[in-house]
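First up is the structure itself, then whatever we jot down about it.
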Amino acid sequence: MPADARTRIARGRVRLLGLGIALPGAALTSEALCARLEDRFGLPARRIGRRLAGRLQVESRHLCRGFDAAIEAPRPGQRNPELAAAALRAALADARVRPRDLDYLLTHTATPARALPGGSAEVAALVGADCAHAELRQACTGFASALQFAFALLREPGAGPVAIVGSETGSVFFDPHTLARDPSQWVNLLQMGDGAAAVVLGADDATPGPRLECAYFGQSPGAPAPGLLLAGGGSDRPAPPPGVLQFVHDFQAVARHGAALFDAGRDALRTRGHAFADAARVVPHQASGALAGWFAERYELDPARVCDHGRRVGNLGSASIWAALNEVYPTLAVGERALFVGAEATQYSFGGFVLTR
């Protein structure tokens with residue numbers, strides 16, 4: 001990462017009041033997913049999938065679709081805003097905060113249910129929150145942008161709770177029939193998962209309990225072309241070619257440039273006195289199941305201290321860090337710290353925070 005990478009670190013701390021997660025359907029193993037595609041679409045999925053699954057190390061994931069047809073919408077009740085609302089309800093219950101007591105709702109996703117209005121409007125309506133709300137159209141570091149806003153909002157005198165929820169339903173942006181002409185779609189199929197996860201945050205005060213601090217977000221200057229792109233459906237291409245919209249994924253570029261984003265996160269945390277080696281747990285963005293082992297080796301950490309949530313749910317994109325937080329939090333003793341290090345290849349951004357239980 002160039003030395004002039006700009007990083008914003010929010011001032012102060014906020015209370016972590018509650019957590020919630022919503023994953024669609026039962027966990028589906030890579031073997032079962034490949035068998036389903038082979039049986040229903042006549043693809044050599046078992047042979048190819050077995051090889052790729054071993055490299056990606058995503059053992060299972062949850063999907064909002066059943067692959068009953070090549071092109072599908074999410075199942076009823078598992079649409080993007082519905083999953084987000086389910087995760088938010090769980091977080092509100094955990095926080096013992098009523099929806100009408102929220103001051104602000106921030107949602108973030110790269111796979112919204114529709115272009116307009118933003119999904120935050122439907123999420124707010126589904127949970128019965130009448131607060132101000134906004135949606136960020138951002139993938140894996142959407143959580144980091146949302147935290148910048150939340151920290152600022154919670155510094156206001158008398159500020160009420162702020163909720164943040166990330167959600168993805170990217171499995172619908174995939175047509176099995178394209179695998180023959182675009183082999184990169186195999187990686188998208190076997191690496192990604194669907195789901196939503198949420199947090200409820202409160203202003204810092206004298207109340208004991210978990211805190212978030214050192215919330216940082218940065219952008220790589222002179223970033224290369226997007227490593228992940230969904231080109232159709234915007235005003236540049238309002239009438240994309242027939243068929244399902246699909247992600248364009250430049251895996252080689254991500255491999256070349258992605259590691260520098262984690263280095264930038266490490267350096268941002270160091271400026272505030274936080275080192276990977278001193279944390280009880282380190283939680284990098286769960287790009288795949290293989291990421292945890294790579295991360296532990298790169299930064300010379302005990303693999304047991306590096307979160308590998310991606311093995312069990314795949315890459316949840318915008319929901320990834322919040323979902324991993326849901327898994328890691330119960331493993332921490334009171335007073336222990338976890339460092340969260342996000343990275344996003346769509347625009348080569350990085351972000352994270354420190355959690356003290």
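Any read-out appearing in this document is the output of simple, stated calculations on the displayed coordinates, not a laboratory observation. Quantities reported herein were computed from a predicted structural model and do not represent experimental measurements. Heads up, the Cβs are rebuilt from the backbone with ideal geometry, glycines too, and the neighbour counts pull from every protein chain shown.
Okay, helix-only estimate at 222 nm for the chain: each DSSP H run of n ≥ 4 adds -39500 (n - 2.57), divide by all residues, round to 500 deg cm²/dmol; what do you get? Don't jump to the answer; show the numbers that get you there.
Values: 10 runs with 111 residues, N = 357.
Computed ellipticity for the chain at 222 nm equals -9500 deg cm²/dmol.
Which Cα, out of Leu105, Gly160, Pro183, lies furthest along the positive dipole direction of the stretch 16-203 (beta carbon charges, K/R +1, D/E -1)?
The residue sitting most towards the positive pole is Pro183.
How would you rank Ile9, Ile321, going from fewest to most other Cβ atoms within 10 Å of each one's own Cβ?
Starting with the residue having the fewest Cβ neighbours, the order is Ile9, Ile321.
Nearest 0.05, what FRET efficiency do Asp302 and Arg55 give at R0 = 30 Å with Cβ-Cβ as r? Present the calculation step by step, with values, prior to reporting the outcome.
Details: r = 23 Å, r/R0 = 0.77.
With a Förster radius of 30 Å, E is 0.80.
Count the DSSP beta bridges whose two residues both fall in the chain, then state the antiparallel fraction as a percent rounded to the nearest 5.
Numbers: 41 of 58 bridges.
For the chain, the DSSP antiparallel bridge percentage is about 70.
Mind sorting Ser167, Ser318, Ser220, Ser184 by how few other Cβ atoms lie within 10 Å of their own Cβ, fewest first?
Ser184, Ser220, Ser318, Ser167
Full-extension gain between Thr178 and Thr271, please, as 0.36 nm times their residue separation minus the C-alpha to C-alpha distance.
In short, 28.9 nm is gained.
Tilt of helix 45-56 relative to the longest C-alpha principal axis of the chain, in degrees (0 to 90, nearest 10)?
On a 0 to 90 degree scale, this one is about 30.
Starting with the fewest neighbours, write out Phe143, Phe217, Phe149, Phe173 ranked by other beta-carbon atoms found within 10 Å of each beta-carbon.
Arranged by neighbour count, lowest to highest, Phe143, Phe217, Phe149, Phe173 become Phe149, Phe173, Phe217, Phe143.
So if R0 is 35 Å, what FRET efficiency would Ala73 and Cys131 give, r being the distance between their Cβ atoms, rounded to the nearest 0.05? Walk me through the numbers before you get to the answer.
Details: r = 29 Å, r/R0 = 0.82.
Here the calculated transfer efficiency is 0.75.
If r is the Cβ-Cβ distance from Asp205 to Ala333 and R0 is 25 Å, what FRET efficiency results, to the nearest 0.05?
Details: r = 23 Å, r/R0 = 0.90.
Using R0 = 25 Å, I get an efficiency of 0.65.
With axes computed from alpha carbons, what is the tilt in degrees of helix 251-270 against the longest principal axis of the chain, rounded to the nearest 10 within 0 to 90?
Its long axis makes an angle of about 10 degrees.
Stretch Leu229-Arg40 to full length: gain in nm at 0.36 nm per residue minus the Cα-Cα span? If you can, show how the numbers build up before the last one.
On the way: separation 189, 0.36 × 189 = 68.04 nm, distance 2.79 nm.
The Leu229-Arg40 span can extend by a further 65.3 nm.
Take the Cα atoms of the stretch 16-203, build their convex hull, and give its volume per residue in Å³.
Details: hull volume 21.4 nm³, N = 188.
So the per-residue Cα hull volume is 114 Å³.
When the Debye formula is applied to the Cα atoms of the stretch 245-306, each taken as the same point scatterer, what base-10 log of I(q)/I(0) results at q = 0.28 Å⁻¹?
-1.33
Antiparallel as a % of all DSSP beta bridges within the stretch 276-357, to the nearest 5?
Approximately 60 percent, going by the DSSP bridge assignments.
Quick one: dipole size for the stretch 16-203, taken about the Cα centre, charges +1 on Lys/Arg Cβ and -1 on Asp/Glu Cβ, in debye to the nearest 20.
So the dipole magnitude of the stretch 16-203 works out to roughly 440 debye.
With the Cα gyration tensor of the chain in hand, give its eigenvalues times 5 under a square root as the equivalent ellipsoid semi-axes, listed largest first in whole angstrom.
Values: eigenvalues 192, 112, 73 Å².
Semi-axes, largest first: 31, 24, 19 Å.
Rank Gly166, Gly218, Gly342 by mean-square fluctuation in a GNM of the chain with C-alpha springs under 10 angstrom and give only the top-ranked residue.
Gly218
What does DSSP give for the stretch 209-356 in terms of the percent of beta bridges that are antiparallel, rounded to the nearest 5?
So the antiparallel bridges amount to about 75 percent of the total.
Short version: ³J(HN,Hα) in whole Hz for each residue of the stretch 144-152, in order, from phi by Karplus 6.51 cos²θ - 1.76 cosθ + 1.60 (θ = phi - 60°), x for Gly and Pro, what are they?
Using θ = phi - 60°, the values come out as 6, 5, 4, 5, 4, 5, 4, 4, 5 Hz.
May I ask you to give the average projected area over all directions of the convex hull of the Cα atoms of the stretch 209-356, in nm² rounded to one decimal?
Average of the hull's projected areas for the stretch 209-356 equals 10.2 nm².
Quick one: dipole size for the chain, taken about the Cα centre, charges +1 on Lys/Arg Cβ and -1 on Asp/Glu Cβ, in debye to the nearest 20.
Dipole about the Cα centre, nearest 20: 240 debye.
Mean separation of Cα pairs under 8 Å and 6+ residues apart, divided by the residue count of the chain: what relative contact order is that in percent? Display every interim value, and only then the final one.
On the way: 832 pairs, mean separation 89.1, N = 357.
Averaging sequence separation for qualifying contacts and normalising by length gives 25 percent for the chain.
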